[in-house]
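Heads up, the thing below is written out as structure tokens.
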Amino acid sequence: LNGIEVAEQIRKQNSNIVLIFVTNMEHLVFESFKYAPYRFIRKSKLRQEIPELLESLRSKFSSESMLYKFEYDDKTIKIPLHEIMYFESFNHDIFLHDCHGNEYKVNETLSSLFEKYEDCGFIKTHKSYLVNYLYIYEFRRNCVVLDNQVELPLSKNRGSEIKQQYTSFTRRELQ
């Protein structure tokens, strides 16, 4: 099997595996995009590019392993930040919605959550919503559609700023 075929087999098994292509054939870069590689390392520049790759991976996994901890039904719940789809403010209560379809009432304000997690990929798309950019499927004129097809309102006045934040997070992910 060549690298592209291996990537195809890996993606069939697990879509969360971090793929890194090491190659001298730069023309295959575009073909490999459909397998969502994390990085490309040129064999001719292995020594120069490996340290940056390792630092990037360290940063990626340390942010993915960050946990949001809260009390719920007299228990302490810990949810990895990358599993939180969004926080919702409703009638002065804050609800956490995770990627498994769970909803939890948490004892924080949306403002405090935003302060803590804006650098971790959470975007305030509306005065009542703080959304994890990882789950944004598309932007429409007046809403944000998530991967699970949930539609959340999009602030009319901040639409372009919100889209730029999203672009910034996705670019940072690719670096």
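The values are calculated or read from the model by the stated rules, or taken from the named source; none is laboratory data. On a predicted model such as this, the values are computed, not experimentally measured, just so you know. All Cβ positions, even for glycine, are placed from backbone atoms using ideal geometry, and neighbour counts span all protein chains on display. Quick note on the areas: whole protein, heavy atoms, side chains included, nothing else; ligands and nucleic acids left out. Shrake-Rupley method; radii C 1.70, N 1.55, O 1.52, S 1.80 Å.
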## Note on the structure
Working note, the chain: Cα radius of gyration (Å, one decimal) and Dmax (Å, whole number) are 18.7, 58
### Query
When averaged across all projection directions, what area in nm² does the alpha-carbon convex hull of region 50-99 cover?
4.5 nm²
### Query
With +1 on each Lys and Arg Cβ and -1 on each Asp and Glu Cβ, how big is the dipole of the chain about its Cα centre, in debye rounded to the nearest 20?
620 debye
### Taking all pairs of distinct alpha-carbon atoms in region 58-128, Kirkwood radius in angstrom
12.7 Å
### Task
About the Cα centre of region 84-175, how large is the charge dipole given +1 on each Lys and Arg Cβ and -1 on each Asp and Glu Cβ? Please answer in debye to the nearest 20.
440 debye
### Summary
Length-normalised contact order of the chain, Cα under 8 Å, at least 6 apart, in percent, tallies to 12 percent
### Query
Could you give the longest part of the chain that holds none of the trypsin sites (Lys or Arg not before Pro) found in DSSP loops with at most 12 neighbouring Cβ atoms within 10 Å?
1-126
#### Entry: Heavy-atom surface of the chain, accessible at 1.4 Å and reported per residue (Å²)
66 Å²
### Message
Run the reach check for Lys34 against aspartates and glutamates, Cα to Cα strictly under 20 Å, same-chain hits fewer than 8 apart removed. What comes back?
### Response
Glu5, Glu8, Glu26, Glu138, Asp147, Glu173
### Query
Using a cut-off of 29 Å between alpha-carbon atoms, which lysines can reach Lys124, once sequence neighbours fewer than 8 places away in the same chain are excluded?
Lys60, Lys69, Lys75, Lys78, Lys105, Lys116, Lys156, Lys163
